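What follows is a set of notes on a single structure, which appears directly below.
The values are calculated or read from the model by the stated rules, or taken from the named source; none is laboratory data. Every value quoted in this text rests on a predicted model; they were computed, and no experiment measured them. Cβ placement follows ideal geometry from the backbone for every residue including glycine, while neighbour counts extend to all protein chains displayed. Side chains are part of the model used for accessible areas, which takes the heavy atoms of the whole protein and leaves out ligands, DNA and RNA. Shrake-Rupley method; radii C 1.70, N 1.55, O 1.52, S 1.80 Å.
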Amino acid sequence: MKAMVLEKRDGYLQERDRPIPTPGQGQVLLKVEACAVCRTDLHLLDGELPDIHYPIIPGHEIIGRVVSCGSGVTLQHGMRLGVPWLGYSCGHCRYCMNGQENLCDRARFTGYQIDGGFAEYTLVDHRFCFSISPDYSAAEAAPLMCAGLIGYRSLSMCGDDLQRLGIFGFGAAAHIIAQIARWQGIELYAFTRSGDDPAQLFAHHMGATWVGNSDQLPDVLLDAAIIFAPIGELVPAALRAVRKGGVVVCGGIHMSDIPSFPYALLWGERQLRSVANLTRKDGDEFLKLASKAAVRTKVECYPLHAANDALLHLREGKLTGAAVLTMNGN
């Protein structure tokens with residue numbers, strides 16, 4: 001099989017021929033149809049995540065079909081499954097027992113510690129997969145597996161009394177969760193880099209009430225804000241934008257250092273929270289909600305061998321929506 005492999009910390013994937021793996025106990029072999037490209041993949045390439053074991057095949061927003069199953073697994077051949085970032089948890093620690101498997105100290109992650117979907121085939125744990133609605137093509141469904149899931153978990157952390165929501169960084173996750181927010185009747189306020197006209201137009205197209213630069217403030221205070229851009233300087237900016245009792249959620253796995261800021265920005269019972277990974281419960285809830293809200297994803301498709309191009313375009317901010325690697329034209 002063809003695979004795009006990260007062999008060392010140099011920020012560039014190598015196309016390699018690998019044997020098609022054989023599923024072991026509890027595993028499923030999937031023929032990959034599509035795999036979305038995530039900013040976390042850039043953090044992996046740049047060596048910003050700890051304990052990377054090279055070589056590794058990135059990719060954790062996978063849509064594929066069942067080819068074969070290992071012992072203990074019975075799934076229909078050809079069944080379509082989605083594979084998220086969380087690829088394994090121990091199931092018996094205090095976190096797993098309390099519905100916080102995303103915090104499990106023994107968790108393993110797809111495309112980081114487990115070979116991922118930048119390949120024609122991949123092995124997955126059958127317990128950490130989701131059935132995918134036929135309403136979506138493989139390319140359309142792929143971003144739901146991380147951009148959608150992390151966006152949903154971030155939105156859930158914003159609280160119930162939510163009328164005005166700010167989003168800092170309007171990319172793949174933002175354009176999905178914006179649709180959920182608008183469907184729920186929430187006013188959307190989008191903050192982008194200065195001069196990023198395509199992102200601002202995209203935010204307007206997705207129904208934003210207000211769109212501006214990240215150093216600007218709307219005329220009203222927000223109930224909550226989600227930061228998807230991995231930029232620590234946005235934390236005090238977001239705190240300035242929310243009301244007393246408001247919530248700021250950091251939605252990324254990695255962020256540059258947060259600068260010092262006056263305590264007055266946090267005072268007034270404002271909350272600053274981080275999102276760490278996701279749970280299978282998040283996936284079940286979100287996928288049902290996405291179908292109900294008729295969420296559509298905007299994708300730009302690339303062939304597998306062009307994975308480095310897709311990553312470069314993501315790094316340079318040239319995408320509106322999500323980049324997706326597709327196999328065999330799916």
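Could you check how many percent of all C-alpha pairs in the stretch 66-146 are farther apart than 14 Å? Kindly include the intermediate steps, with their values, before the conclusion.
Details: 2171 of 3240 pairs.
Cα-Cα pairs in the stretch 66-146 separated by more than 14 Å: 67 percent.
With a 1.4 Å probe and every protein chain left in place, work out the accessible area per residue of the chain in Å², rounded to a whole number. Please report the intermediate quantities before stating the final value.
Details: 14610 Å² over 330 residues.
On a per-residue basis, the chain sits at 44 Å².
Membrane-span-like helices in the chain: DSSP H runs reaching 15 Å or more (Cα, own axis), mean Kyte hydropathy at least 0.5?
172-183
Loop by DSSP (not H, G, I, E, B), at most 14 other beta-carbon atoms within 10 Å: where is the longest site-free stretch of the chain for GluC sites (Glu not before Pro)?
8-268
Note down the net charge around residue 178, summing +1 for each Lys or Arg and -1 for each Asp or Glu among other residues with Cβ under 14 Å from its Cβ. Working shown, then result.
Values: positive: 164, 182, 296, 298; negative: 187.
Overall, the nearby charge balance is +3.
Please label the shape of the stretch 129-180 as rounded, prolate or oblate, based on the square roots a ≥ b ≥ c of the eigenvalues of the alpha-carbon gyration tensor (a/c under 1.5 means rounded; beyond that, a/b larger than b/c means prolate, else oblate). Mind showing how you got there, number by number?
On the way: a/c = 2.46, a/b = 1.85, b/c = 1.33.
Prolate, because a/c is 1.5 or more and a/b exceeds b/c.
Please state the shape class of the stretch 1-159: rounded when a/c is under 1.5, otherwise prolate if a/b exceeds b/c and oblate if not, all from the C-alpha gyration tensor. If you can, show how the numbers build up before the last one.
On the way: a/c = 1.28, a/b = 1.05, b/c = 1.21.
Taking the square roots of the gyration eigenvalues as a ≥ b ≥ c, the stretch 1-159 is rounded.
So, by mean Cβ neighbours within 10 angstrom, what's the order for 74-85, 199-210 with the highest one leading? It would help to have the intermediate numbers written out before the result.
Values: 74-85: 17.3, 199-210: 18.9.
The most tightly packed comes first, giving 199-210, 74-85.
How large are Rg and Dmax for the chain when only the alpha carbon atoms are used, in Å?
Spelled out, the Cα radius of gyration and Dmax of the chain are 19.3, 60 Å.
With all protein chains present, how much of the accessible area of the stretch 189-304 (probe radius 1.4 Å) comes from carbon and sulfur, to the nearest whole percent? It would help to have the intermediate numbers written out before the result.
Details: 3070 of 5850 Å².
That fraction is 52 percent.
Excluding residue 320 itself, what net charge comes from residues whose Cβ is under 12 Å from its Cβ, given Lys and Arg +1 and Asp and Glu -1? All intermediate terms of the calculation are to be shown ahead of the outcome.
On the way: positive: 298, 318; negative: 196, 197, 300.
Local charge sum for residue 320: -1.
Can you tally the net charge around residue 294? Count Lys and Arg as +1, Asp and Glu as -1, for every other residue whose Cβ sits under 15 Å from the Cβ of residue 294. Walk me through the numbers on the way to the answer.
On the way: positive: 182, 288, 292, 296, 298; negative: 135, 140.
Around residue 294, the surrounding residues sum to +3.
In the stretch 80-150, carbon and sulfur make up what percent of the accessible area (probe 1.4 Å)?
Its accessible area is 45 percent carbon and sulfur atoms.
Given H placed on each backbone N at 1.01 Å, which residues far from residue 15 in sequence or on other chains put an amide H within less than 5 Å of it?
Under 5 Å from the amide H of residue 15: 5.
Can you list residues whose amide H is under 5 Å from residue 121's amide H, if they're 5+ apart or on another chain and H is modeled 1.01 Å from N?
Long-range HN contacts for residue 121: 32.
Among rounded, prolate and oblate, which fits the stretch 69-109 when a ≥ b ≥ c are the square roots of the eigenvalues of its C-alpha gyration tensor, a/c under 1.5 means rounded, and a/b larger than b/c means prolate?
Details: a/c = 2.89, a/b = 2.09, b/c = 1.38.
Verdict is prolate for the stretch 69-109.
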